[in-house]
Each structure stands twice: as structure tokens, then as C-alpha cells.
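The values are calculated or read from the model by the stated rules, or taken from the named source; none is laboratory data. Nothing here was measured: the structure is a model prediction, and the numbers come from that model. For neighbour counting, all protein chains shown are included, and Cβ atoms are generated from backbone atoms with ideal geometry for every residue, glycine included. Note: areas computed on protein heavy atoms with side chains; ligands, DNA, RNA excluded. Shrake-Rupley method; radii C 1.70, N 1.55, O 1.52, S 1.80 Å.
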Amino acid sequence: MFSKSKDFAISPPEAGSNHGKEQSESQIPTIDLSMSGQQRDEAQKVNLFPQNEAENEHVYDDEEPKIWKRIVRNWPVISQPLSILIILLLIWGVGHSILPQYTAPDSPFMRMAFLFVGGQICGVLVSLIGLPDMLGMIGWGVFYRNIGLGNFVGLSGLEAILRELALVNIMLLAGMGLDLDALRKLFGMVMRITLIPTVAETVTVALLAVYLFNMPWLWGFLLGLVVTAVSPNVVISILLQLKEQRLGLNKGIHTLIIAMTSCNDVIAIFCFGVVLGVIFSSGNLTDQLLQGPIGIVLGLVAGFGMGVFLTLMPSNKSNYSTGLRVTMIVLSGVLGVVGSKAISYPSAGALSCIVVSFVAGTGWRKKHAKQAADVTTYLDLMWKFMKPISFSMIGKEVAFNLLGGETVLYGFIVLIVGVLVRVVFAYASLLGGELSWKEKAYVTISSCPKATVQAALGPVALDLARKMDSTDQTLTYANQVLIVSVLAITATAPLGALLMTKLAPSWLKRSPPVSQLTTMDTNGTSDRF
């Protein structure tokens, strides 16, 4: 991919050395379409998009449409998601040749495939107008569900597996993005911005639910715990784009947001399980109370143990060390998620994913920074395939026929007031730190998008109520929880993603390229400041 040119051959020794360092530290170009022309120019300076003289300039004809000029200018970026579409078409061609009965256009399997392909196409189109591609993916999922194509009969198991894989992928990337030194420094702030806004929003939503929906207090707190969970898919996906643009890497902002999101979800899911168990009296209350802490301990122990193992195996001198590491870390994450559910401690799953990638990534960076960078690159490539699956499925959960007039109105009031309370308390919990007011505001906004957890927890109470043949009043409460969850996905996920994307360039500082932050020690290995 990178070739030596004549300019490189005649450059001074020092410049040549720097060029070599930049080559070794550079990453595979991003597939996301949100990279602007300015960011692409900066990437060219570190040889992410090397071009020869003939390719360096494109002479635009005045009669060429503006959209064509934009496509030509961003073709190195645009061509990659289009390549993913071609790969999907090739997979369909192979499948249709072998199993034509399962690949007919009207089959459930192909309807599911069209959901993902359409999500990818809509993501490309939305990105061309400067918006986050996930908005197009979510919008396509909403459209798909409400025209009657979102029912994949007989494939609920495959749908659940794909959801789990997307969660594993994004959690592994989140763990790889954590910085140990920053986490130590920001531990107190992480605890404050996790606990204070979560408690404040949960209590506020519970109060409003009691007085607006006439819910019992337990149902009000159940709704509050569903609403307060932050979406890791939305938030971490945006952070990956910001990392590629080198925005907000100073002061441990990425680590702060990732840790806050992860801890918030663990608390919300744990407390949700306890309250749900009390409402439906499923199991001993003591067991319900102990399930969360035991799950957290299991997640920490399993993740730490596997993470340490991955730092030792395979040897750095192995020919296929990177491929083996990627395979083992992905399988470790999948085992953590599905295994935790198999032993009835689901809170351990996502936590073990983050811990294993955090421990392994920290160990790899201490030995050689390129090891962690290589694994992250392949996990990021995997996310390019999982991203349209994840967000189109989130959009598919939005069913307009479930939305009633009065419930929708009260639901929006609950959401707006709850989010405003979270914003106020989140910003207050950041006071006294080293962050500027813009950085504090950005961290605060990043705690608002809600999608992934709401899509998972929203229908749980209603499904359980139906299985237990509950009263009509209980079914009404459970249906209201589901409706508010749908509203939370519809309103906060697109708006939160848009704000995080658009405000980042002006509210976060841009760090210099990786090559300028790297020095060579006497042994020839690289250490990052």
C-alpha cells in the first residue's frame, strides 16, 4: 500500500526517518464517511492517502455538478463502504448458487439481508450531506419496520446473535480505547458522572411516571432505569470517528466517556433486573439483589484473566500473531456475553468484553504500540460490517402503530425533563476538574443518546407480563414502558449523534498526528507519550 517514491529517496536522512516512523504508525484509512476534506488533507500529510503527482490534483470542469465534485474528492473514503456492499452482494451470489430456496427475494432471510444492505446504502447517502451515517441506518430501520417488512419469521435466533455480535464488537473497541493512566487520574470523576446523573434522571422519570401515567412507584423506577441507560453503540461509534480525526484525545476525554457509558449501563441493567424481579416476584429477593454484584465480580475476574492470557499468547514472533489475537479476543467477548446469560448472570457479559480488551490492549501497548494498533484496526474493520446491522435493527424497534396520542405526549414530557435533569447534574458532577467548559459540555451531551439498552430492555416487561397472564393494568404499565423506550430511541439517538458529531470540531481540541507523539528509544521500540 505504501511505496517508496523518488522524493523519499532524495529526502534528507532526518526527514526520511520521520517518514518511516509515520509509515509504521499509520492506520488503515477509515471507512466512515464523516471525514471532511480538511481531515483528509491532514491524513495525506501522514501518508494515509498517498498519491502520486498524476492523482494529486483533479481538474474540475465548471460544468460538473457539485455532487460529482464531492464524490471525486472523497472517493478514497466513499469507495470503502461501497466495497462492503459489493462484498454483501458477492455473499448473496454464493448463497443463491448453493441454497436458492433460502435466498429468494421474499424469504425472511433475504428480508433481513435487505434491511442491512439498505441501512448501509442510506448511511452512505446521509454521509454525503454531512450527517452521521448512523442516522440513515436508523431511519432505514424505522421505515422498514413500518412498511411491514420487519418481521423475520423463524429467524429470531439469528437476529439475537447478530445483536450480540454487534454489542461484543463495540464493547471490545471501547475497552481498547481506554487509557490506564487517564482512567486512574479520572476515576473520581468517572464515578461522579456515572452515579449522580443516573440517580437524578431515574428519580425524575419515576416521579413523572407516577403523576402522569399513574404508575405505582416500582413501575416508575423500572421506567426510569430503562430511560437512564446510555447507548454504547451510538456513543462509542461517534468516539471512533473522533479518534480517527484526533479530536478529544487530550485530557482522557475518550476514556472518561467510555467508562461513564459502561458503568452507567451496568448499573441500569443490574437495577432493572432487581426491580423487575420484585414486581413479578420471580425468584428470591436476596438472589435478585446478589445477582448484580456477583455478575460484576464474574465479569471482572473472567475479563482480567483472559486479558492477561492474551498478552502472553501468541508470541510476538509468530507469523500470524495479529490474526490469532483478533480471533481470540473476539471469541473471548462472544463467550463472555453468551456464557453469562447461560449461567443467569447477564450483567457480567458486556463488562467482561470491556475488561478483556482493556487488559490485553494495555499489555500490548506496553510491549509494542503497533500490536494494539493492529488489533484495533481489524476490530474497527469488523465494526464497519456490524454498524449497519446494529443501527438498522435499532431503528426496526420503532413501531408507529404502538404509539398512542396521550401516552406519546406524556412520554415526550418524561424524556425531555429527564434528559434536562441529567444534563444539569452531569455538568455539575464535572465541576472542579481540568476540563474546559466546552469539554465538560461535550461530555455531558455524550451521556444523552439512548438506543441499544432501550431496544433490549423495553419489551422485557411486556413479554414477561404476557407470559404470566398478568392483569390488564399490569399489561398497560408494561406497554407504556415499551412506548417510552421507543420514543427514547426515536428522539435521543439521532439528535445525540448529530450533536456529538457537529459540536466536536469546535468544542474538542485536535491532537497532532501519531508520528509527532512518538519517539524511538535506544532499543528501537516506540513509546507513546
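How much of the pair distance distribution for the stretch 103-178 lies past 14 Å, counting alpha-carbon pairs only, in percent? Each step should come with its number before you reach the end.
Working: 1963 of 2850 pairs.
Tail of P(r) above 14 Å: 69 percent of Cα pairs.
Which pairs in the list LYS341/LYS467; LYS384/LYS502; LYS384/LYS467; LYS185/LYS366 are over 30 Å apart, alpha-carbon to alpha-carbon? It would help to have the intermediate numbers written out before the result.
Details: LYS341/LYS467 20 Å; LYS384/LYS502 21 Å; LYS384/LYS467 37 Å; LYS185/LYS366 18 Å.
Distance filter (> 30 Å) returns LYS384/LYS467.
Quick one: what are the phi-derived ³J(HN,Hα) couplings along the stretch 89-102, Karplus 6.51/-1.76/1.60 with θ = phi - 60°, whole Hz, x for glycine and proline?
5, 5, 4, 4, x, 5, x, 5, 6, 8, 10, x, 5, 9
For the stretch 198-274, what does the accessible surface come to per residue with a 1.4 Å probe? Please give it in Å². Don't skip to the answer; put the middle values down first.
On the way: 1940 Å² over 77 residues.
Ligands and nucleic acids excluded, the result is 25 Å² per residue.
Can you give the net charge of the other residues whose Cβ lies under 15 Å from the Cβ of GLY141, counting K and R as +1 and D and E as -1? Kindly include the intermediate steps, with their values, before the conclusion.
Values: positive: ARG111, ARG145, ARG163, LYS387, LYS396; negative: ASP133, GLU159, GLU397.
Counting the neighbours of GLY141, the net charge comes to +2.
Pop out the ³J(HN,Hα) list for the stretch 239-255 in order, Karplus 6.51 cos²θ - 1.76 cosθ + 1.60 with θ = phi - 60°, rounded to Hz; leave Gly and Pro as x.
Each residue's phi maps through the Karplus curve to give 4, 5, 5, 5, 5, 5, 8, 6, 9, x, 7, 7, 6, x, 5, 4, 4 Hz.
Sort 81-90, 384-393 by packing, meaning the average of other beta carbons within 10 Å per residue, with the highest value first.
Working: 81-90: 14.0, 384-393: 25.0.
By packing density, highest mean first, the sequence is 384-393, 81-90.
Ordered by packing density, taken as the mean number of other Cβ atoms within 10 Å over each peptide's residues, highest first, how do 271-279, 95-103 rank? Numbers along the way, then the final one.
On the way: 271-279: 19.6, 95-103: 11.7.
Descending packing order for the listed peptides: 271-279, 95-103.
To the nearest whole percent, what portion of all C-alpha pairs in the stretch 224-278 is separated by more than 15 angstrom?
Details: 792 of 1485 pairs.
Here the long-distance tail beyond 15 Å is 53 percent of all Cα pairs in the stretch 224-278.
Distance between the C-alpha centers of the stretch 203-238 and the stretch 76-143? Whole Å please.
33
Heavy atoms only, probe 1.4 Å: what % of the accessible area of the stretch 326-385 goes to carbon and sulfur, would you let me know?
On the way: 1640 of 2280 Å².
Heavy-atom surface of the stretch 326-385 belonging to carbon and sulfur, 1.4 Å probe: 72 percent.
Go through the stretch 444-449 residue by residue and turn each phi into a ³J(HN,Hα) via Karplus (6.51, -1.76, 1.60, θ = phi - 60°); whole Hz please, and just put x for glycine and proline.
Karplus values, whole Hz, x for Gly and Pro: 4, 5, 5, 8, 9, x.
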